[in-house]
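*Asks:* Next up is a structure, given as structure tokens.
The values are calculated or read from the model by the stated rules, or taken from the named source; none is laboratory data. Just so it is clear, the structure is predicted and the values come from calculations on it, not from any experiment. When we count neighbours, we look across all protein chains shown, and the Cβ atoms used for this are built from the backbone with ideal geometry, even at glycine. We work out accessible area using only protein heavy atoms, side chains counted, and drop any ligands, DNA or RNA first. Shrake-Rupley method; radii C 1.70, N 1.55, O 1.52, S 1.80 Å.
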Amino acid sequence: MRRKADPFPLSGKMSAQGNRRRLQLDNVCNVWLMRNLEFRWTRFLHAKPPPTPPENASGRRRDRTMDSEPVYQALFLGAGARVRGGFGQFTHLLYEAVEEFDPGSCTTLTLTRSEGSLADIWRAVGSARNVVSNFPILAWKRVIFRPLAALLIARLRGRRVILLQHEWAGLHWLRRIAYLPALLLADTIVMFSPLVRRGLADDWLAGWTARKCVLAPLPPNIEAPPGIADSRLRQRLAAARKEGRLVIGYFGSIYPGKQPKALLRIGAILRDRGQNPLIVYVGSFIQGTDNVEQEFYARAAELGIIDDVIVSDYVASDHEVFGLLSQIDAFCYLLDEGLTARRSGILACAQSGRPVIVTGPAEPDEFDHHPRFKELIDRGAIVVVARGSDDEAYADRIVSALKWPSVQAPFDFDGWWLDIALALRTQFGSLIPSPGTAPDAAQTPPAET
């Protein structure tokens, strides 16, 4: 029986005809590849160099090519100028403070869910000697990968990484795990409180990174504007004060670390004394893994003062914020860790001219690096209550503080920010010769001139 020819000569054992076809195809591919490479190489050799960028007022050229010598002292990673509040606003204000001190020395890179590709990060990192970043840049679960990628690229390119870390031991353990890579990549970790630095040093996993920490004075995030904005809530507070009610305030985000429920107990004590208090929380609840809001209102109902509690939720403008703060008689914070130099919300309260009653610091050296904060305590704008005092002592201090004459001292907002700008600039270093090895942060790197 005659065997039929294989209809697929390229399968199995190649026929002579199949081999010839494959060789012809290979030759065609090789010719196309060589011509393509020749074309690209010729275009590369004869390409015109990019135009020289103009000089700015400081004489620096705005050249951001990835292979050029860095022309900026620092690249600030942020979420854009439109972001208000929290770490995003802090980074923007810090960038402006350093720029005002040394114009043209810094640049920024916006990193959000939709902005900041790896190519953008590579180019921006190459333009600066130092990369400065808060961590997190935004809410901790929203933007994590891009900032970490930027810090990693900075180390690979021999740039100095300066991390701004506001908190550690008080963070949820999931957050500490998420932030740990940033600590490892940082050459210098800037913290704002000796207590927070000790908390990092005591961490069994990340404690060794505390040797890279330096302290800087924290300024307030918001400045009291020249005028205030009226609102329905402000009118309600003004009416309550006219009726003789004692308005006790709390400003800032509402979360367990600031013990917001402790103020409810003090409100109940003042009510039992016939003071008729109204407790106002100017801020909103932070949504996390805990049922903070539900537990807060449950505690207020248990104490029988739920009708005497107001939570403003998010307030859009500084004018409206300080309009509300102006109608508060006194502020009060009970803090398990005590007052620390990183409490910028308390600095906002102090700008209102109202007394701020707060738990005293855990350690005597808490404000040694922050003379402006210490001066507020020394002149009585911030009234400290000894640690371990009961709720009755806080109620007593509130009542007594209201009898003191109110003194609205000038608040040098720009001076506070100049202090941290100078402290940060002392950490700016030259290009790192060995990017794989972090320098000893105990030694201050030479500042560029």
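*Asks:* Report every pair of residues separated by at least 6 positions or lying on different chains whose Cβ atoms are under 8 Å apart, first residue within the stretch 307-323 and over 23 Å from GLU293 (Cα atoms), second in a loop (DSSP other than H, G, I, E, B) and among the charged types (D, E, K, R).
*Replies:* Listed pairs, sorted by first residue: ASP318/GLU223; GLY323/ASP230.
*Asks:* Can you tell me which condition ARG176 does not meet? The list is (1) at pLDDT below 95; (2) in a loop (DSSP other than H, G, I, E, B), and all the others hold.
*Replies:* Checking ARG176 against (1) at pLDDT below 95; (2) in a loop (DSSP other than H, G, I, E, B), the one that fails is (2).
*Asks:* Moving on. Please list, ordered by residue number, the helices (runs of 4 or more DSSP H) wholly in the stretch 190-309 having 1 or more residues that are of a type in the set (Val, Ile, Thr) and under 30 Å from the mean Cα position of the chain (by Cα).
*Replies:* By residue number, 194-201, 292-303.
*Asks:* Which one is least open to solvent (accessible area, probe 1.4 Å), of the residues in the stretch 308-317 that are more than 16 Å from ASP230 (Cβ to Cβ) and at pLDDT below 95?
*Replies:* Applying the filter and picking the extreme gives ASP313.
*Asks:* Another one. Pairs under 9 Å by beta carbon, first residue in contact (Cβ under 8 Å) with a residue 40 or more places away in the chain and under 14 Å from ASP419 (Cα atoms) in the stretch 359-374, partner open to solvent by 40 Å² or more (accessible area, probe 1.4 Å) and in a loop (DSSP other than H, G, I, E, B), six or more apart or different chains?
*Replies:* Sorted first by the residue in the stretch 359-374, then by its partner, the pairs are ARG372/ASP412.
*Asks:* For the stretch 288-321, name all the residues that are touching a strand residue (DSSP E or B) at 6+ places or on another chain (Cβ under 9 Å) and of a type in the set (A, V, I, L, M).
*Replies:* Listed by number, the residues that qualify are VAL292, ALA300, ILE305, VAL309, ILE310, VAL311, VAL315, VAL321.
*Asks:* Any residue at all in the stretch 270-285 that is free of Cβ contacts under 8 Å to residues at least 40 places away in the same chain and more than 21 Å from ARG236 (Cα to Cα)?
*Replies:* Looking through the stretch 270-285, at least one residue is free of Cβ contacts under 8 Å to residues at least 40 places away in the same chain and more than 21 Å from ARG236 (Cα to Cα).
*Asks:* Test LEU77 against the criterion of being modelled with pLDDT under 95, within 22 Å of TRP416 (Cα to Cα) and surrounded by 18 or more Cβ atoms within 10 Å (Cβ to Cβ), and give yes or no.
*Replies:* When the stated conditions are applied, LEU77 passes them.
*Asks:* Of the residues that sit in the stretch 127-160 and are crowded, with 24+ Cβ neighbours inside 10 Å and among the β-branched types (Val, Ile, Thr), which one is farthest from ARG343 (Cα to Cα)?
*Replies:* VAL131
*Asks:* Give the stretch 100-148 a look and list any residue that's assigned to a loop (DSSP other than H, G, I, E, B) and either small (Gly, Ala, Ser) or modelled with pLDDT of 95 or more (or both), or say none.
*Replies:* GLY104, SER105, SER114, GLY116, SER117, SER127, ALA139
*Asks:* Continuing with this model, one more query. Can you tell me which residue within the stretch 375-430, out of those that are among the polar types (S, T, N, Q) and more than 29 Å from the chain's Cα centre (by Cα), is nearest to GLN275 (Cα to Cα)?
*Replies:* SER400
*Asks:* Going residue by residue through the stretch 348-370, is there one that turns out to be of a type in the set (Phe, Trp, Tyr) and buried (at least 23 other Cβ atoms within 10 Å of the Cβ)?
*Replies:* no
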